[in-house]
Amino acid sequence: MKDTIKIGVIGLGCRGFSLLESIMLPMEDIEVVAVCDLYIDRVIKGAKAIKDAKGIEPICATDYKKIVNIKEIDAIIIATSWEDHIAIAIAAMRAGKYVGMEVGGAYSLNDCWELVYTSKITKMPCMLLENCCYGRTEMMNLNMVKKGLFGDIVHCAGGYQHDLREEISYGKENRHYRLRNYLSRNCENYPTHELGPIAKILNINRGNRMVSLASIASKSCGLHNYILEKKGTNDILSNAVFAQGDIVTTTIKCLNGETIVLTLDTTLPRAYCRGLNVRGTKGCYAEETDSIFIDGVHNKFDLEWKKQWGNAEQYYEKYDHPLWKDYLKLDVKGGHGGIDWLVFRAFFESAKNETQTPIDVYDTASWMCISTLSEDSIAKGGALVSIPDFTNGKWIEREDFVKSKYCLNEIVEDLED
């Protein structure tokens, strides 16, 4: 086990810089020795943050190839635009680096397959930094499912439901990649919220797998109306035609018979919600009311369910995930309610111990591929599309996971790393 690891950070936009400043630099066992971005002002800002926090001057570059080939670097963090994630990850693994890659969907199945093949050939892990897998609510649901509270799981739902109209509409001013994607693509472009947690609940790639999907997109009105209202008719985007539908609904069928519904809802006014819903033969959880229904316990509230809204809070004492019980005692850190910190610790502990990551390359490829497959389905009027088996049959009996406190495949009560 290494006491410290050296990392390179590629991508220093809003997300990348935030992770550098609030997550990576405060960690004492992490040395950020190199930074990279296409825009030199972002590189300079990142380098200054490192110098101010740690007193060292990192290697700086605008070409990621210079960073991934630095011999002393142990791991690469990728927080660039979606389009570049997989190419950089492949280059980093070929250079012998652990890869931690920010979320986003894939643009082709070929890219996903190459990601898997590269990881297998180089034996370097590639972890999608899907922080929602470490959400307290998501982890409590995982714990409850593993303990049988909901019985046999039949259906799950979730999504990325977040008003991003301002971020997208001012994409040119802020050099943000989402704008060009919404202009050019119509798909489930951010599938891994909540697919990641759901996949772990349903044992995807370990005794189960996703086999097909069908996606439907609504019309696109939200961004056009927002731009006219906020930026006026003289703005360059006032007559833009956005390909991306306002609401995208994707239904996934699993081999063991479960269904999953994902919802992308980012261009209409709304409150933030990941919409986790877990339905089983003995009960269910619904995030929008933060409520748990247990058969034989809550049936009397059938027609008065508002009285039970928020009752999930009562279940944390018994079913809070062991990782979160420990985390709350140590003081929650980092962004997004602490889940950024946990997903990065899970990745860095794997890199330090030179072990497999809790979200592996098979998870990464199978969650990311939903974007390109949904694009195909929408273009064909909601046609059913097959989902590849990136494990090549290994899903049937896979048990090759590391039992650490960050494990997502079973509940590990021992909290030692």
Worksheet item: What does the charge count near residue 94 come to, summing +1 for each Lys or Arg and -1 for each Asp or Glu among other residues with Cβ under 13 Å from its Cβ?
Response: +3
Worksheet item: Solvent-accessible area per residue for the chain at a 1.4 Å probe radius, Å²?
Response: 42
Practice prompt. Could you run the Karplus curve 6.51 cos²θ - 1.76 cosθ + 1.60 with θ = phi - 60° over the stretch 161-171 and give me ³J(HN,Hα) per residue in whole Hz, x for Gly and Pro?
Written response: 10, 8, 6, 10, 4, 5, 4, 6, 5, 9, x
Response to the item:
Share of accessible surface on carbon and sulfur in the chain, whole %, 1.4 Å probe and ligands ignored, is 49
Discussion item. Quick check: from the Cα gyration tensor, does the stretch 1-132 come out rounded (a/c under 1.5), prolate or oblate?
Written reply: prolate
Response to the item:
Expected max-MSF residue from 389, 29, 400 in the GNM of the chain (alpha carbon, under 10 Å) is 400
Worksheet item: Say each of residue 147 and residue 1 gets a label point 7 Å from the Cα, pointing the same way as Cα to Cβ; how far apart are those two points in nm?
Response: 2.7
Worksheet item: Using a Gaussian network for the chain with springs between C-alpha atoms less than 10 Å apart, which of these wobbles most: 367, 324, 305?
Response: 305
Response to the item:
the stretch 138-263: Kirkwood hydrodynamic radius (Cα pairs, Å) comes out at 16.5
Practice prompt. For the stretch 230-316, just the Cα atoms, rotate onto the principal axes and tell me the three extents in Å, largest first.
Written response: 60, 36, 25
Worksheet item: By average Cβ neighbour count within 10 Å, what is the ranking of 102-108, 239-245 from highest down?
Response: 102-108, 239-245
Discussion item. Quick check: net charge around residue 376, other residues with Cβ under 15 Å of its Cβ, Lys/Arg +1 and Asp/Glu -1?
Written reply: -1
Worksheet entry | Per-residue [θ]222 nm for the chain (sum of -39500 (n - 2.57) over DSSP H runs n ≥ 4, rounded to 500) | -10000 deg cm²/dmol
Discussion item. Looking at the chain as a GNM with Cα springs under 10 Å, which of 385, 35, 361 has the largest mean-square fluctuation?
Written reply: 385
Response to the item:
Rounded to the nearest whole number, the Stokes-Einstein translational diffusion coefficient of the stretch 336-417 at 25 °C and 0.890 mPa s (Kirkwood radius, C-alpha pairs) in µm²/s is 163
Worksheet entry | lysines whose Cα lies under 26 Å from that of residue 219, excluding same-chain neighbours fewer than 8 positions away | 172, 230, 231, 253, 380
Discussion item. Loop only by DSSP, 14 or fewer other Cβ within 10 Å of the Cβ. Give me the GluC sites (Glu not before Pro) in the stretch 7-57 that pass, ordered by residue number.
Written reply: 28
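The values are calculated or read from the model by the stated rules, or taken from the named source; none is laboratory data. Treat the numbers as computed from the prediction; the structure is a model and nothing was measured. In this analysis, Cβ positions are derived from the backbone assuming ideal geometry, glycine residues included, and neighbour counts consider all displayed protein chains. Calculation scope for accessible area: heavy atoms of the full protein, side chains included, ligands and nucleic acids excluded. Shrake-Rupley method; radii C 1.70, N 1.55, O 1.52, S 1.80 Å.
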